[in-house]
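Shown next, in structure tokens, is the structure this report addresses.
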Amino acid sequence: MPTWWTPSSDGSASAVLSVSSVDVFIQHSHILRQVSLAVGEREVVCLVGRNGAGKTTTLRTIMGYVRPRAGRVVFGDEEIHGRPTHEIARRGIGFAPEDSGIFADLTVAENIEIATWTRPGGRPTAERLERAYEVFPVLRKYRHRKGPEMSGGERKMLSVARALMSRPKLMLMDEPSLGLAPLVVEEIFRIITELHRDGTTIFLVEQNAHMALTVAQHFYLIEQGRITFSGDPGSLAEDEVIHRAYLGSAKV
């Protein structure tokens, strides 16, 4: 992969992201309770949990859409909690949300190109677009289509491609496989594997624990807003309760 695509990092810090004792309230509901986690450089870390457990809120808090009432979010060596979302993005965090978040009135090419404005500099826009099409060939074919003309899987790919155009140091991905056909899910996870192999640090929220086991080096489990498990894939698979809840059956 060309060096200009490699995430910009001096490699000096082992933890790219650190979330420490974060509490989040939405209106009067206490959503996150003393959440602490870390994402190491060039790792794929996965947060798993049931619907409503606080997974998406965790990502939205990191991105600044939600402000914590207590705790710290540190990116690199800088506290980012309480900062506006656009400032956080400019510091090097990309976000592919669960709902894709693409601009329906723009074409595929325009959706990707607009993301280059977030962190300008480096290679020309045309070259960055070309690299996106190399990673996501289907997007080249549909580059003149608008959002409503695309399938759910294509919108997911576009969301990831757009986030990557800013050359993020850290990529946040919210349920990339949700609602997709099995073959599309396999393609999404192939792309995640490729991005990780080429140096992208990824923090992934995913309910499909079977697929997440193929890419992640570390797992966190969140239940009712609290982190209740932290460990590697082997530890996750060996835990009887987690195995039944997230891998579909008891261990054999």
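No value in this document is a laboratory result; all are computed from the given coordinates. Everything quoted here is computed from the prediction, not taken from an experiment. Here the Cβ is made from the backbone with ideal geometry for all residues, glycine too, and neighbour counts use every protein chain on show.
Based on Cβ point charges of +1 for Lys and Arg and -1 for Asp and Glu, what charge dipole magnitude is obtained for segment 101-167 about its Cα centre, in debye rounded to the nearest 20?
Roughly 160 debye for segment 101-167.
In nm, to one decimal, how far is the modelled label at Ala70 from the one at Asn51, with both set 7 Å along Cα→Cβ?
For the pair Ala70/Asn51, the computed spacing is 3.1 nm.
Taking 30 Å as R0, compute the FRET efficiency from the Cβ-Cβ separation of Glu79 and Ser29 and round it to 0.05.
Step by step, r from the Cβ atoms, then E = 0.75.
HN-Hα J couplings of segment 90-103 from phi, Karplus 6.51/-1.76/1.60, θ = phi - 60°, integer Hz, Gly and Pro as x?
Values per residue, Gly and Pro as x: 5, 7, x, 10, x, 9, 10, x, 4, 8, 6, x, 7, 8 Hz.
Counting pairwise Cα distances across the chain, what percent come out greater than 35 angstrom?
12
Please give the peptides 232-239, 89-96 ranked by average Cβ packing (other Cβ atoms within 10 Å per residue), highest first, as a rough proxy for protection.
Answer by packing, highest mean first, reads 89-96, 232-239.
Rg(Cα) of segment 101-167 divided by 2.2 N^0.38 Å?
0.99
Translational diffusion coefficient, Stokes-Einstein: compute it for segment 35-88 using the Kirkwood radius over C-alpha pairs as Rh, at 25 °C and 0.890 mPa s, and state it as an integer in µm² s⁻¹.
After rounding, the answer is 202 µm²/s.
Which net charge results when you count Lys and Arg as +1 and Asp and Glu as -1 among the other residues whose beta-carbon is under 11 Å from that of Ala70?
Charge balance near Ala70 sits at +3.
In nm, what is the difference between 0.36 nm times the number of residues separating Arg190 and Ala126 and their Cα-Cα distance?
The Arg190-Ala126 span can extend by a further 20.6 nm.
Once you list every other residue whose beta carbon is under 13 Å from the beta carbon of Ile26, what net charge do they have if Lys and Arg are +1 and Asp and Glu are -1?
Local net charge: +3.
Just how many pairs of Lys in the chain have C-alpha atoms closer than 25 Å, counting pairs that are eight or more places apart or on different chains?
Count of close lysine pairs: 5.
If we count every other residue with Cβ under 12 angstrom of Arg140's Cβ, Lys/Arg +1 and Asp/Glu -1, where does the sum land?
+1
Quick one: 3J(HN,Hα) in Hz for segment 176-186, Karplus 6.51/-1.76/1.60 with θ = phi - 60°, rounded, Gly and Pro as x.
Working through the residues one at a time gives x, 9, 4, x, 9, 5, x, 5, 5, 4, 4 Hz.
Please get the size of the charge dipole for the chain, origin at its Cα centre, with Cβ charges of +1 on Lys and Arg and -1 on Asp and Glu, quoted in debye to the nearest 20.
Its charge dipole is roughly 460 debye.
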